[in-house]
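Shown next, in structure tokens, is the structure this report addresses.
The values are calculated or read from the model by the stated rules, or taken from the named source; none is laboratory data. Since we're looking at a predicted model, the values are computed, not measured. Heads up, the Cβs are rebuilt from the backbone with ideal geometry, glycines too, and the neighbour counts pull from every protein chain shown. Heavy atoms of the whole protein, side chains included, go into the accessibility calculation; ligands, DNA and RNA do not. Shrake-Rupley method; radii C 1.70, N 1.55, O 1.52, S 1.80 Å.
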Amino acid sequence: MPQQERRKRPRYTMRVPVSVRVSNGDSRKISVESENVSWDGILLSSTSRMPEGTTVGLVVVIQPATAPQFRLIGKGKVLRVEQQLSAAKFFIAIRCDASFHFPQKD
């Protein structure tokens with residue numbers, strides 16, 4: 001029997017660089033890659049593990065073929081971490097506090 005889809009919003013495959021700032025006191029910054037993105041979440045692929053419940057800041061870098069690069073900003077919490085079987089990498093699911101947005105101009 002197929003599993004019922006529990007996601008509220010569709011996911012879109014998008015493999016782009018993402019900068020993650022961990023907000024658990026050490027403020028380390030990790031460069032990872034997205035696997036898929038939704039309106040209020042993102043799935044990352046990383047060689048670094050992050051504990052579930054960790055609060056993170058996200059900068060998603062988009063480089064269209066025919067337009068200038070732009071960035072989307074978000075913040076959220078690590079919901080789930082799964083080790084990939086085929087590599088020494090982890091899938092990290094993050095639920096964003098709000099939808100991704102463009103950075104404000106100064």
Read through the list (1) closer than 19 Å to residue 10 by Cβ; (2) modelled with pLDDT under 95; (3) of a type outside the set (Phe, Trp, Tyr), then give the number of the only condition that residue 61 fails. (1)
Output the qualifying pairs, or none if there are none: Cβ atoms under 8 angstrom, residues six or more apart or on different chains, first residue in the range 57-68 and under 29 Å from residue 23 (Cβ atoms), second residue in a loop (DSSP other than H, G, I, E, B) and open to solvent by less than 40 Å² (accessible area, probe 1.4 Å). 58/100; 60/16; 60/100; 61/16; 62/16; 63/16
When both residues are 6+ apart or on different chains and their Cβ atoms are under 7 Å apart, which pairs have a first residue that lies in the range 79-100 and is under 13 Å from residue 42 (Cβ atoms), and a second that is open to solvent by less than 60 Å² (accessible area, probe 1.4 Å) and assigned to a loop (DSSP other than H, G, I, E, B)? 91/84; 92/50; 95/40; 96/40; 99/40
